[in-house]
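Everything below concerns the one structure shown next.
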Amino acid sequence: MVMVRGKDGKVNVLYNRCPHRGSMICGDRSGNTGEFFRCSYHSWTFHHDGKLKNIPMMESGYEGTRWGRDNPDCNMKRAARVENYRGFVFASLAADGPGLLEFLGRSKVAFDDICDRSPEGKVEVVPNCFRVIQRSNWKIFLENQLDALHPSVTHQSTGRAAREVELQIEKKTGKIPLSYHMLSAFATVTIDKWDNFQTLNYPGGHCILTGYMGLRPQDPDTSSTSACSPRPTARRGRKQSSPPTSTTCSSTRGCRCSRRCSSCARCARSAWTRHSPRSGTSG
Ligand code: FES
Ligand SMILES: [Fe+2]
């Protein structure tokens, strides 16, 4: 499938196949297709919504045939249903079935958790297509994603190596990049702490893992993130009914979010009323 934003801003999800002889239309995983799609086999062109734009020699070569702009079979086929939740686009190839919100059920909290960490209430994925191909039964893959007990064992050597580099960087610069913190946790956080993770299962086979940032609650990066994250129940445009529980950034290096807290001595920038610490976030 190919997902493309049209000039009108609308997202279209199309089968990545030419309706003529079935060639793949887009070979790249991401990018800008320009004004229209053009098939590399016989140069049929298509608008971003999949509708046929032109066939070379359409008038002379195809006159009297069923090929033409009036025939929907000449369009790139669209996914039967497309919906988005907080900017995450889902497509279904089935014309019937539960709607997206019904399908996600309570597990939509996983997307809320990602988006609500941003003061703007939304996130942007940059810059590339991230794709995982797992050659196994999909249930094995999911099971591993939710297994919080194995990292301090299976990934311990990674954690140790990261910790060594982490200490060198700290010695040189006085601070450690978050990317190293995330890896060194495999060695520095003991298995009983990993056991604090929570796997939450929801109807429909959806599940999430919570508590990743809580692994290193005293870590400056964790403190900074927690201090800047609105409460899980907070939503864009809605005012908090209770005052923020803290307006002081607990990070030793100050907030690093785009809107810094109002009364924090270290940040002292623009006001952000949703400022409140939070311990457990999913990861
Ligand atoms: S297969 Fe695409 S134009 Fe012929
Ligand atoms: Fe793992």
>> I'd like the residue in segment 16-74 that is loosely packed, with under 12 Cβ neighbours inside 10 Å and among the acidic types (Asp, Glu) and, out of all such residues, is nearest to VAL125 (Cα to Cα).
In response: ASP28
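Filter segment 129-166 down to residues that are in contact with a Ser or Thr (Cβ under 6 Å, 6 or more places away or on another chain) and in a loop (DSSP other than H, G, I, E, B) and give me whichever is farthest from TRP194 (Cα to Cα). Can you show your working first?
To start, the set of residues in segment 129-166 that are in contact with a Ser or Thr (Cβ under 6 Å, 6 or more places away or on another chain) comprises 129, 146, 159, 162-163, 166.
Still in the running and in a loop (DSSP other than H, G, I, E, B): 129, 146.
Values: CYS129: 30, LEU146: 12 Å.
Looking at residues that are in contact with a Ser or Thr (Cβ under 6 Å, 6 or more places away or on another chain) and in a loop (DSSP other than H, G, I, E, B), I get CYS129.
The rows are residues; the columns are (1) farther than 30 Å from GLY105 by Cα; (2) at pLDDT below 85; (3) within 16 Å of ligand 2 (Cβ to nearest atom); (4) not assigned by TED's automatic domain parsing to the domain that holds GLU102.
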{"residue": "THR158", "(1), (2), (3), (4)": "yes, no, yes, yes"}
{"residue": "ALA161", "(1), (2), (3), (4)": "yes, no, yes, yes"}
{"residue": "VAL165", "(1), (2), (3), (4)": "yes, no, no, yes"}
{"residue": "SER184", "(1), (2), (3), (4)": "yes, no, yes, yes"}
{"residue": "ALA187", "(1), (2), (3), (4)": "yes, no, yes, yes"}
{"residue": "MET213", "(1), (2), (3), (4)": "no, yes, no, no"}
>> Please go through segment 1-43 and give me each residue that is at negative phi, within 14 Å of ligand 1 (Cβ to nearest atom) and of a type in the set (S, T, N, Q), ordered by number.
In response: ASN16, SER23, SER40
>> Give me the residue from segment 132-185 that is of a type outside the set (S, T, N, Q) and in contact (Cβ under 8 Å) with a residue 60 or more places away in the chain and, out of that set, farthest from ligand 1 (Cβ to nearest atom).
In response: LYS175
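Would you confirm, using the coordinates I've provided, whether GLY105 is touching a Lys or Arg at 6+ places or on another chain (Cβ under 7 Å) and exposed (fewer than 15 other Cβ atoms within 10 Å of the Cβ)?
Values: touching a Lys or Arg at 6+ places or on another chain (Cβ under 7 Å): no; exposed (fewer than 15 other Cβ atoms within 10 Å of the Cβ): yes.
When the stated conditions are applied, GLY105 does not pass them.
The values are calculated or read from the model by the stated rules, or taken from the named source; none is laboratory data. Bear in mind that the values here come from a model prediction, so they are computed numbers and not experimental data. Cβ: placed from backbone, ideal geometry, glycine included. Neighbour counts: every protein chain shown.
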